[in-house]
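The structure appears below as structure tokens.
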Ligand SMILES: NC(=O)c1ccc[n+]([C@@H]2O[C@H](COP(=O)([O-])OP(=O)(O)OC[C@H]3O[C@@H](n4cnc5c(N)ncnc54)[C@H](OP(=O)(O)O)[C@@H]3O)[C@@H](O)[C@H]2O)c1
């Protein structure tokens with residue numbers, strides 16, 4: 001990959017949409033740490049904000065491609081307001097489905113490649129429940145050592161890996177069944193991208209993203225824990241299970257997928273990626289508080305109480321807020337993308353944070369956050 005004088009042989013031009021998103025900021029941060037070089041190539045990134053590029057506008061998309069002539073496009077734009085999407089379906093579909101379709105069409109015309117991000121909310125959680133039931137009837141528990149792999153349903157249960165981490169969650173074979181407009185529009189978007197670009201696209205479903213920038217559950221919890229009146233408990237849902245994901249780890253993964261050719265047989269297409277392991281929002285909140293206290297991001301512990309989704313939705317409705325339905329189980333299994341990336345010679349594939357337990361990823365994020373705050 002190097003010219004005889006040792007200079008990188010090629011420059012890769014990348015167009016990023018939604019420059020102000022959590023993900024775009026993490027992509028820029030992680031690439032800057034690598035001095036804009038991956039596997040001997042220089043990466044030149046053009047990050048366009050929503051105001052600079054509306055991905056739902058055909059002419060704007062065509063103009064951006066004509067101007068920057070990207071080799072790769074990473075779509076970070078999304079209509080992410082899950083509850084609001086229920087009453088703003090047109091806009092949710094314009095951003096989450098039409099936008100990716102327009103980007104994919106332009107990539108097809110120009111030969112560019114597209115990384116598009118989808119969501120665990122394309123799932124309902126129901127097949128997972130059925131599979132769990134089957135497992136329990138067979139006497140195999142989630143903490144068991146048997147890699148039972150209910151691949152037909154897409155659920156791989158248990159399976160302690162060599163590193164001792166529990167791998168579980170829904171694989172790419174699981175059948176999507178979105179419960180919300182947001183989930184439906186995200187599913188339509190990923191399907192459009194894969195239909196138009198097939199192996200020229202990389203679609204990554206991820207989940208429960210958080211990082212130092214933007215709005216996310218971790219920052220919301222820290223704010224509420226710091227401001228809630230004394231003695232009043234924080235009430236958090238305990239019957240939705242998912243995989244918290246540090247956005248910087250996702251950013252690392254994306255750069256690795258772009259920088260290194262995938263193992264034979266992997267091709268491109270659909271991948272799941274999330275922090276390893278799974279928890280409920282309630283367990284996530286408990287861990288955020290535990291770690292934030294240890295890092296002195298919080299002065300004192302506040303009581304955190306668990307609530308089920310139905311009761312939480314009923315309380316929200318009393319206050320005039322109608323909540324969208326969310327999957328009861330949407331933890332993602334990252335096994336396929338991990339298998340595709342491991343074993344390559346690329347130095348950039350050795351990012352240990354990618355395959356670490358979600359608690360470890362949370363710790364690194366909170367340390368970064370603490371360094372910003374102090
Ligand atoms: N956040 C999560 O927990 C989560 C979970 C699973 C999957 N994902 C997916 O991961 C990806 C990155 O999410 P994120 O959390 O980084 O997003 P984010 O921080 O919520 O940012 C979304 C960005 O999209 C922009 N945007 C909205 N409509 C647009 C349009 N028509 N054209 C261009 N930009 C537009 C927004 O700009 P404005 O603010 O100006 O509207 C905002 O900058 C998304 O595809 C998301 O669906 C996220």
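The values are calculated or read from the model by the stated rules, or taken from the named source; none is laboratory data. Here the structure is a predicted model, which means the values were calculated and not measured. Because the Cβ atoms are built from the backbone with ideal geometry, glycine has one as well, and the counts that use them run over all protein chains shown.
One table, with the values for the structure above:
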read-out	value
Given (1) touching a residue at least 24 places away in the same chain (Cβ under 8 Å); (2) on the phi < 0 side of the Ramachandran plot; (3) within 20 Å of the chain's Cα centre (by Cα), number of the condition residue 277 does not satisfy	(2)
Residue within the stretch 76-92 that is touching a strand residue (DSSP E or B) at 6+ places or on another chain (Cβ under 8 Å), closer than 19 Å to residue 110 by Cβ and surrounded by 21 or more Cβ atoms within 10 Å (Cβ to Cβ) present	yes
Residues being near the ligand (Cβ under 9 Å from one of its atoms) and farther than 16 Å from residue 27 by Cα - total across the stretch 38-58	8
Residues of the stretch 69-93 classified as more than 20 Å from residue 120 (Cβ to Cβ) and away from the ligand (no atom under 15 Å from the Cβ), total	5
Filter pass, residue 28 being touching a strand residue (DSSP E or B) at 6+ places or on another chain (Cβ under 8 Å) and part of a helix (DSSP H, G or I)	yes
Residue 73, sole failed condition from (1) touching a helix residue (DSSP H, G or I) at 6+ places or on another chain (Cβ under 7 Å); (2) over 23 Å from residue 258 (Cβ atoms)	(2)
Residue within the stretch 14-33 that is surrounded by 14 or more Cβ atoms within 10 Å (Cβ to Cβ), touching a helix residue (DSSP H, G or I) at 6+ places or on another chain (Cβ under 9 Å) and at positive phi present	yes
Matching residues in the stretch 59-68 - criterion: being within 27 Å of residue 10 (Cβ to Cβ) and either surrounded by fewer than 16 Cβ atoms within 10 Å (Cβ to Cβ) or near the ligand (Cβ under 10 Å from one of its atoms) (or both)	61, 62, 63, 66, 67
Any hit, the stretch 2-9, residues being modelled with pLDDT under 95 and at positive phi	yes
Residue in the stretch 222-240 that is crowded, with 23+ Cβ neighbours inside 10 Å, within 16 Å of the ligand (Cβ to nearest atom) and at negative phi present	no
Residue in the stretch 210-218 that is assigned to a loop (DSSP other than H, G, I, E, B), modelled with pLDDT of 95 or more and buried (at least 21 other Cβ atoms within 10 Å of the Cβ) present	yes
Test: residue in the stretch 191-213 that is within 25 Å of residue 322 (Cβ to Cβ), away from the ligand (no atom under 16 Å from the Cβ) and either in contact (Cβ under 8 Å) with a residue 24 or more places away in the chain or under 14 Å from the mean Cα position of the chain (by Cα) (or both)	no
Selection within the stretch 94-124 - outside any helix (DSSP H, G or I), more than 19 Å from residue 21 (Cβ to Cβ) and either in contact with a strand residue (DSSP E or B) (Cβ under 8 Å, 6 or more places away or on another chain) or within 12 Å of the ligand (Cβ to nearest atom) (or both)	112, 113, 123
Selection from the stretch 218-242 of residues that are in contact (Cβ under 8 Å) with a residue 24 or more places away in the chain and more than 24 Å from residue 22 (Cα to Cα)	228, 231, 232, 233, 234, 235, 238, 239
